[in-house]
Structure formats: structure tokens, C-alpha cells
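Colleague: Before anything else, here's the structure in question.
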Amino acid sequence: MPRNKKKNSRPGGQHGNVHPFSDEDASIETLSHCSSFSDTASVADEGGEAGDDTAQEDFQYKLKGFIDSTVDKSAKTRQGALDGLKTAMATRILYEFISERRMTITDSIERCLKKGKGEEQRAAASLACLLCIQLGSGIESEEVFKTLKPIFKNILADGSANIQARQAVATGLGLCTLVAEDDILDVHATMECFENLFTRSYARMDGTCPLISPQTSQLHTNALLSWALLLTICTANQLKDILCTHLPKLPRLLESEDVNMRIAAGETIALLFELARDMDSEFEFDAWEQLCDKLNALATDCNKHRAKTDKRKQRSVFRDVLKAVEEGDFQCETIRFGTERMIIDSWVRKRTYDAFREFVGSGMNYHLQANEFIRDVFELGPPMLVDSATMKAMKISRFERHLHNSAAFKARTKARSKFRDKRVDVGEF
């Protein structure tokens with residue numbers, strides 16, 4: 001990550017028996033074939049320091065087993081091992097353990113990307129991102145990415161490669177570049193790889209859209225989102241070139257038949273306007289009125305040939321995009337984790353948050369609390385730490401949580417019923 005790189009930082013380092021606040025969603029029980037991971041917290045509470053050490057040893061033993069299984073002859077076993085490592089990295093801070101074995105894990109990822117098929121390649125690409133997130137922005141993640149980047153780019157450019165693998169690589173390459181790339185010129189070269197993909201979805205000058213399969217459209221969407229992610233770390237001169245080259249053409253993606261592509265294009269346009277206005281508060285776009293008309297049409301889309309869920313999702317997003325383009329406004333969102341909160345107050349912050357959340361999933365709150373690198377990205381400061389006794393005292397019971405959820409459900413139902421359509425039969429006249 002070219003900005004604010006800390007070469008000697010140790011994101012996610014261990015702190016003995018002092019733990020950060022944990023979130024219910026960050027449970028490692030999601031790992032179906034290794035549900036005993038969830039025993040660690042309970043053993044630590046009941047057995048004190050000795051129990052904590054035993055649970056940690058058991059946990060690391062399982063991780064070592066997963067690492068060994070990534071070179072198994074059975075594709076199913078390799079797939080399970082990759083998924084096991086993914087879940088562990090998404091829900092725990094494992095810097096010390098991973099740092100000692102990073103090259104072994106990197107070699108396993110490289111082998112799975114080169115020789116694996118479909119889902120195995122997809123899992124390996126995701127694991128590469130989680131590995132970089134665990135290591136943080138520094139020499140270690142740079143070494144990992146230097147090994148894997150050529151393979152990523154080869155798969156991405158290979159039209160004969162498995163489409164699911166290409167989709168995963170399109171997303172993974174963007175995040176790994178954000179975290180581990182140390183040269184802004186290499187960042188720009190990677191962005192050109194993404195441009196070669198998503199520009200194929202541009203509507204033609206006569207308004208017709210190219211014939212693209214849903215799977216290929218998803219590939220182009222992933223490439224566009226990764227390209228937008230890297231916009232957040234571009235220099236001012238690069239942004240000026242991109243605004244001149246791509247902003248006039250990006251509205252052509254709004255004609256796509258794929259709702260995900262339309263939404264990704266809209267959010268990318270809003271992001272570009274935000275970055276342009278940060279550089280120049282008087283920024284003007286020649287086709288501003290035509291763009292606003294198109295965004296307004298999508299924000300009020302009532303075409304019957306589109307699914308209701310797609311229209312609802314699209315209208316919600318494009319109302320925010322239209323406000324961003326017209327007024328420079330952003331609908332803020334508050335993320336709560338433990339005793340802290342983070343405000344998503346810009347399109348830059350939203351794109352970055354969404355990119356990390358895509359890989360760590362329900363473990364995002366845990367990483368916001370404990371991962372030093374992610375906290376540095378979002379300017380949250382050092383992790384807030386408390387001991388296990390305080391954690392246990394603050395944890396609400398299952399019954400209290402049920403009462404809270406029930407009350408919230410009732411209030412939400414009453415509020416929505418006021419605005420829900422009251423449908424009646426109307427006869428024909």
C-alpha cells in the first residue's frame with residue numbers, strides 16, 4: 001500500500017492473555033468441519049492461563065494440519081484445508097503463527113492457483129488476500145505478493161481459464177495490491193489490467209450493449225470494483241488523467257443489463273466525483289446534466305421487465321449516487337464494534353470498508369477491534385484491550401439478546417406497516 005507504509009509494523013501481534021473485545025459474529029464456529037475451534041474461548045474462561053495455553057496449542061495444531069493438507073493429492077482435501085485456513089484468518093489475529101510460516105503458505109497458494117481447478121483456485125485467491133491482511137502493509141506481505149502477482153495477472157488475462165477463478169482473482173488482486181504493493185507505477189499497471197476487462201462492457205455508441213454472459217459480466221464487475229478500490233490510493237496526477245479518460249465513458253456502463261454492473265458503475269462514478277472535488281472544489285463535468293438525468297432515471301426505475309428486488313436495490317443505491325453527483329453529499333453509516341464506533345462518511349471509506357469486509361465477512365468487527373493494519377487504514381488508533389474477566393462481565397446473556405431483538409423486530413414491523421402498500425382489488429370499467 002503506497003501510502004502510510006509501516007515497514008516494521010506487527011499488525012495483529014499477540015498480547016498474552018489480554019484480549020480485545022470480541023463480537024458474536026466473529027465466532028469461528030462457521031467452520032463446519034472443525035467446529036471445535038469454538039471451544040477455545042470457553043476453555044480460556046474456565047481454565048484460566050493453563051486452559052488458554054492448551055486451547056491455543058490445539059488451535060495451532062489444527063492450523064498446521066490444514067497447512068500440511070494443502071498439498072494433499074485429493075482435491076477435496078486441499079479445498080477443505082484452504083477453507084479451514086480462510087475461516088481461521090478471517091476470525092482470528094494470527095500474525096505470529098502466520099509470519100513464521102508465510103512462505104510455506106504462499107507456496108501452497110501458488111501450487112493451488114497453478115494446478116487447481118475452479119473452486120480450489122477461488123479459495124486460494126481469497127486465502128492470499130487474508131494472508132496479506134494478517135501480515136499487514138510491510139516487507140512480509142510484499143514478499144508474498146511479489147510471488148503471487150504474476151500468477152494472478154496470468155489467470156486474469158487468460159480467457160480460457162476457469163471463469164470463477166478469474167472472478168476471484170479480479171477481486172483478490174485489487175485488495176492485495178492495496179495492501180502489499182509498494183510502487184505506485186505498479187499500482188497503475190494493475191489498474192490497466194482491470195481496465196482491459198471492464199471496458200468490454202461499455203455500451204456501444206449507438207446505445208446497444210455487447211452480448212456478455214452473466215458470468216463474464218460478474219468478472220467485469222469485480223474488475224471495476226477493484227479498479228475503483230485502487231483509485232483511492234492514486235496520486236493527483238494519475239487521478240487527473242483518469243478523470244479525463246474514463247469519467248466520460250463510465251456512464252456507458254449504466255446501460256448494462258446486469259444490475260450489479262450498473263450499481264458498481266454508479267458507485268465508481270460517485271467515487272470519482274468525490275476525488276475530483278477533493279482536488280478541485282470547482283470541478284465541473286461537461287456531460288453533467290445528461291449524467292444526472294440518467295442517474296435519476298435509474299433511481300426511479302419502474303421497468304416491468306426487471307425483477308422487483310433488483311429495482312429496489314438499484315433505486316436505493318442510485319438515490320445516494322445522484323446526491324453525490326448533484327450535491328457532493330454522502331449518506332453516512334455508523335459501524336459499531338465492541339465499545340467503539342466508526343463512521344463511514346465518504347465513498348472512499350465505503351469502497352475500502354466493503355473490500356475488506358468481502359474477505360473477512362462476519363469477522364470484520366473483530367478485525368476492526370484487533371487488527372493493527374486495518375485500524376491504521378481507517379485511522380482508529382491502537383487496539384483497545386481488556387482482560388478476559390471484563391469481557392465476560394460485559395457479555396449479555398442469550399435471553400437478554402433475544403428480548404432486545406424481539407423489541408427491535410416489533411418496532412421495525414410497526415414502522416414499516418405505515419408505509420406498506422394496502423393492495424385492494426380494483427374492477428375493470
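Colleague: Which one is least open to solvent (accessible area, probe 1.4 Å), of the residues in segment 273-303 that are aromatic (F, W, Y) and part of a helix (DSSP H, G or I)?
Modeller: The selected residue is F273.
Colleague: Could you look through segment 176-209, keep only residues that are of a type in the set (G, A, S) and over 29 Å from V360 (Cβ atoms), and pick out the one that is modelled with the highest pLDDT?
Modeller: It comes out as A203.
Colleague: Hey, can you tell me all the residues within segment 200-251 that are aromatic (F, W, Y) and not in a loop (DSSP other than H, G, I, E, B)?
Modeller: Listed by number, the list holds a single entry, W227.
Colleague: Here is a follow-up. Determine which member of the set R306, R357, R312 is within 27 Å of I233 (Cα to Cα), open to solvent by 30 Å² or more (accessible area, probe 1.4 Å) and either in contact (Cβ under 8 Å) with a residue 40 or more places away in the chain or not aliphatic (A, V, I, L, M) (or both).
Modeller: Answer to the check: R357.
Colleague: Anything in segment 68-114 that is outside any helix (DSSP H, G or I) and small (G, A, S)? List them, or say none.
Modeller: Passing the criteria: only S74.
Colleague: Considering segment 189-207 alone, what residues qualify as being open to solvent by less than 60 Å² (accessible area, probe 1.4 Å) and either more than 18 Å from I155 (Cβ to Cβ) or among the hydrophobic types (A, V, I, L, M, F, W, C) (or both)?
Modeller: Result: A189, M191, C193, F194, L197, F198, T199, S201, Y202, A203, G207.
Colleague: For segment 402-429, what are the residues that are at pLDDT 60 or above and in a loop (DSSP other than H, G, I, E, B)?
Modeller: Scanning segment 402-429 gives a single hit, K418.
Colleague: Looking only at residues in segment 315-351 that are among the β-branched types (V, I, T) and farther than 20 Å from L225 by Cα, which one is least open to solvent (accessible area, probe 1.4 Å)?
Modeller: Ranking the candidates gives I335 first.
Colleague: Mind checking which pairs have a first residue in segment 325-340 that is free of Cβ contacts under 8 Å to residues at least 40 places away in the same chain and a second that is in a strand (DSSP E or B) and not aliphatic (A, V, I, L, M), Cβ under 6 Å, 6 or more apart or different chains?
Modeller: That search, which allows pairs on different chains as well, returns T334/R341.
Colleague: While we're here: Within segment 337-352, does at least one residue satisfy the condition of being at pLDDT below 95 and closer than 18 Å to T91 by Cα?
Modeller: Scanning segment 337-352 turns up at least one residue that is at pLDDT below 95 and closer than 18 Å to T91 by Cα.
Colleague: Identify all residues within segment 123-144 that are closer than 11 Å to M103 by Cα and open to solvent by less than 10 Å² (accessible area, probe 1.4 Å); write none if there are none.
Modeller: Hits for segment 123-144 are L131, S141, V144.
Colleague: Can you tell me which residues in segment 324-370 are in contact with a Leu (Cβ under 6 Å, 6 or more places away or on another chain) and in a strand (DSSP E or B)?
Modeller: F337
Colleague: Filtering segment 153-188 down to residues that are surrounded by 23 or more Cβ atoms within 10 Å (Cβ to Cβ) and touching a Gly at 6+ places or on another chain (Cβ under 9 Å), which residue is nearest to E140 (Cα to Cα)?
Modeller: Here the answer is A180.
Colleague: Take A270 and tell me if it is surrounded by 20 or more Cβ atoms within 10 Å (Cβ to Cβ), over 16 Å from the mean Cα position of the chain (by Cα) and more than 23 Å from G159 (Cβ to Cβ).
Modeller: So A270 passes the test.
Colleague: Do we find a residue being β-branched (V, I, T), touching a residue at least 24 places away in the same chain (Cβ under 8 Å) and over 21 Å from L63 (Cβ atoms) anywhere in segment 104-126?
Modeller: no
Colleague: Scan segment 233-252 for residues that are among the β-branched types (V, I, T) and surrounded by fewer than 18 Cβ atoms within 10 Å (Cβ to Cβ) and jot them down.
Modeller: Result: T235, T245.
Colleague: Is there a residue being open to solvent by less than 50 Å² (accessible area, probe 1.4 Å), without any contact (Cβ under 8 Å) to a residue 12 or more places away in the chain and either farther than 22 Å from L178 by Cα or of a type in the set (S, T, N, Q) (or both) anywhere in segment 70-80?
Modeller: Among the residues of segment 70-80, at least one is open to solvent by less than 50 Å² (accessible area, probe 1.4 Å), without any contact (Cβ under 8 Å) to a residue 12 or more places away in the chain and either farther than 22 Å from L178 by Cα or of a type in the set (S, T, N, Q) (or both), which makes the answer yes.
The values are calculated or read from the model by the stated rules, or taken from the named source; none is laboratory data. Note that this is a predicted model, so its numbers are computed, not measured. Glycine also receives a Cβ, built like all others from the backbone with ideal geometry; neighbour counts cover every protein chain displayed. Heavy atoms of the whole protein, side chains included, go into the accessibility calculation; ligands, DNA and RNA do not. Shrake-Rupley method; radii C 1.70, N 1.55, O 1.52, S 1.80 Å.
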